[in-house]
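The values are calculated or read from the model by the stated rules, or taken from the named source; none is laboratory data. Bear in mind the structure is a predicted one, so any value in this text is a computation, not a measurement. Cβ placement follows ideal geometry from the backbone for every residue including glycine, while neighbour counts extend to all protein chains displayed.
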Amino acid sequence: MLRLLLLRHAKSDWGQPGLSDFQRPLNDRGRQAAPEVGAHMARHGLNPDRILCSTAQRTRETLALILPSLQGEIDIRLTRKLYDESDYDYLATIRTAGEGSRTLLVVGHNPATQETALDLIGGGNPALKTAISEKYPTAALTVIDFDTKRWSAIEPGAGRVVAFCLPRLLAGATSLSAVPTAANDGAPKPEA
């Protein structure tokens, strides 16, 4: 089995004139949310053995803030492709750069993070897929499992969504089955 973790970067700062989109850093809210997501990942054993991260400032800062919570040896690969392809989907990059890993974390941008999740989900709780299609906020994390051993073999619709975690709902989560999500049986629903 393979596990894909799709993380949209945390909230970025739009208040610095003159910075390009690529150079935008995280704002205070983003710097608070990213470590909470990392702690949540650690509590629930969501430890990647490979990370693909966009080279944009806000994605690199998000990664830096979640890393202290993660355990084990991690192969980290920074790639401009995840920024350049952020208007598309990440499937081709996942298929090639994921090989050799069992749990892959992709730290990227929208709409590609959301579209990739929706494209790959074929099973699991349909309410989670609905929530993902409605909104994929900053620092949101989707967990998708695949019944295959090779990333190059994953196809659209082949994944089973396990969780859709929103940082504002993470406080108090004690088990993966009780992960606060945008839509999960028995979990709090997001505010409009």
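For the reader, a short list of remarks on this structure follows.
- When the test is whether a residue is at pLDDT below 95, under 16 Å from the mean Cα position of the chain (by Cα) and closer than 24 Å to Arg29 by Cα, Ser133 does not pass it.
- Asp89, sole failed condition from (1) at pLDDT 95 or above; (2) surrounded by 18 or more Cβ atoms within 10 Å (Cβ to Cβ): (1)
- Count of region 17-43 residues, restricted to those that are touching a residue at least 24 places away in the same chain (Cβ under 8 Å), outside any helix (DSSP H, G or I) and not hydrophobic (A, V, I, L, M, F, W, C), is 2.
- Residue check, Lys129 in contact (Cβ under 8 Å) with a residue 24 or more places away in the chain, among the charged types (D, E, K, R) and crowded, with 16+ Cβ neighbours inside 10 Å: yes
Results for (1) part of a helix (DSSP H, G or I); (2) aromatic (Phe, Trp, Tyr); (3) free of Cβ contacts under 8 Å to residues at least 40 places away in the same chain, shown as yes or no for each residue.
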residue	(1), (2), (3)
Leu52	no, no, no
Thr62	yes, no, no
Gln71	no, no, yes
Tyr83	yes, yes, no
Tyr88	no, yes, yes
Gly100	no, no, no
Leu105	no, no, no
